[in-house]
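This report concerns only the one structure given below.
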């Protein structure tokens, strides 16, 4: 019997076992590599490589669901779709906008009746505190027709035409802000497509990456302070958008984007109570092959939640 050969074999076996253990500590398991990030609680999710326009992982990516205030991404896209000079157009806040948010118990930028704000300022009011009053103001100011109802309907019609143009086949809007009678829905894949398109606009990026802003009314000495409801901003390196949303029907939703090393990743979480921010971090870790000890930043006491 060759004892030296047996000893050598045992040494090789031990070395191979140790190497396998080391690799297992570094590489994701086969199941995780195949299935994507683990522990995601959302009923619908999608992860997109923004540069390559290639899906990285999904869950029920083409199932349509209520999308709450992530609707406002399209509101912003339509508002930004006109002439550059439209951003400086001044809009007078009407009492009907305030009555609307009070009646619907909707998220608000607390716009004051009679104040004049530019379209650019209203985009901050729309996307940071998720102001449904700002959404109403934009739809009323930029829609067409002889009444508020006609103008807001025409604006929503433009949202649907833009969705069709972008190939968002399972998306339909019946509101400018996500407050719906049941006909406002989209899918994770469609929302990722929308977000990727929106991020091609520099004004949209400037607005959605701001954690807070102060904006002064054009006609009175009043200054608004708005905080971004997106707690992923400032909590995960590279995140620069995009939009939160929550209603009873939709559950907590989040559309998010990050850029690292020149690579942009877009993610969507629909109906993800209560872990949308840590789940987004897990998805980004999966995309960037990192591991982050994530802790969401706290919003100031005066900030709105969405």
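The values are calculated or read from the model by the stated rules, or taken from the named source; none is laboratory data. Not measured: the values here are computed from a predicted model. Cβ placement follows ideal geometry from the backbone for every residue including glycine, while neighbour counts extend to all protein chains displayed.
In segment 194-221, the residue that is surrounded by the most Cβ atoms within 10 Å (Cβ to Cβ) out of those that are free of Cβ contacts under 8 Å to residues at least 40 places away in the same chain and not in a loop (DSSP other than H, G, I, E, B) is 205. Just wondering, is there one or more residues in segment 43-55 that are out of contact with any strand residue (DSSP E or B) (no Cβ under 8 Å at 6 or more places or on another chain), at pLDDT 95 or above and surrounded by 12 or more Cβ atoms within 10 Å (Cβ to Cβ)? For segment 43-55, residues out of contact with any strand residue (DSSP E or B) (no Cβ under 8 Å at 6 or more places or on another chain), at pLDDT 95 or above and surrounded by 12 or more Cβ atoms within 10 Å (Cβ to Cβ): absent.
Criterion first (more than 27 Å from residue 304 (Cα to Cα), within 21 Å of the chain's Cα centre (by Cα), assigned to a helix (DSSP H, G or I) and modelled with pLDDT of 95 or more) does residue 158 satisfy it? Criteria met by residue 158. With respect to the conditions (1) outside any helix (DSSP H, G or I); (2) under 25 Å from residue 125 (Cβ atoms); (3) at pLDDT 95 or above; (4) touching a strand residue (DSSP E or B) at 6+ places or on another chain (Cβ under 9 Å), residue 170 lacks only one, and its number is (2). Looking only at segment 51-73, residues that are touching a helix residue (DSSP H, G or I) at 6+ places or on another chain (Cβ under 8 Å) and closer than 18 Å to residue 35 by Cα come to 8 in all. Checking 195, 249 one by one, the residue that is over 25 Å from residue 111 (Cα atoms) and under 13 Å from the mean Cα position of the chain (by Cα) is 195 and no other.
Among the numbered conditions (1) in contact with a helix residue (DSSP H, G or I) (Cβ under 9 Å, 6 or more places away or on another chain); (2) under 12 Å from residue 72 (Cβ atoms); (3) part of a loop (DSSP other than H, G, I, E, B), the only one that residue 145 does not meet is (2). Of the strands (runs of 3 or more DSSP E) entirely within segment 225-287, those holding at least 3 residues that are closer than 14 Å to residue 44 by Cα and modelled with pLDDT of 95 or more occupy 251-260, 263-270. Being closer than 19 Å to residue 214 by Cβ, surrounded by fewer than 17 Cβ atoms within 10 Å (Cβ to Cβ) and modelled with pLDDT of 95 or more is the requirement here; does residue 120 meet it? Taking the combined requirement at face value, the residue does not satisfy it.
Quick check, is residue 298 surrounded by fewer than 22 Cβ atoms within 10 Å (Cβ to Cβ) and either within 30 Å of residue 164 (Cβ to Cβ) or touching a strand residue (DSSP E or B) at 6+ places or on another chain (Cβ under 8 Å) (or both)? Here the answer is no, as residue 298 does not meet what is asked.
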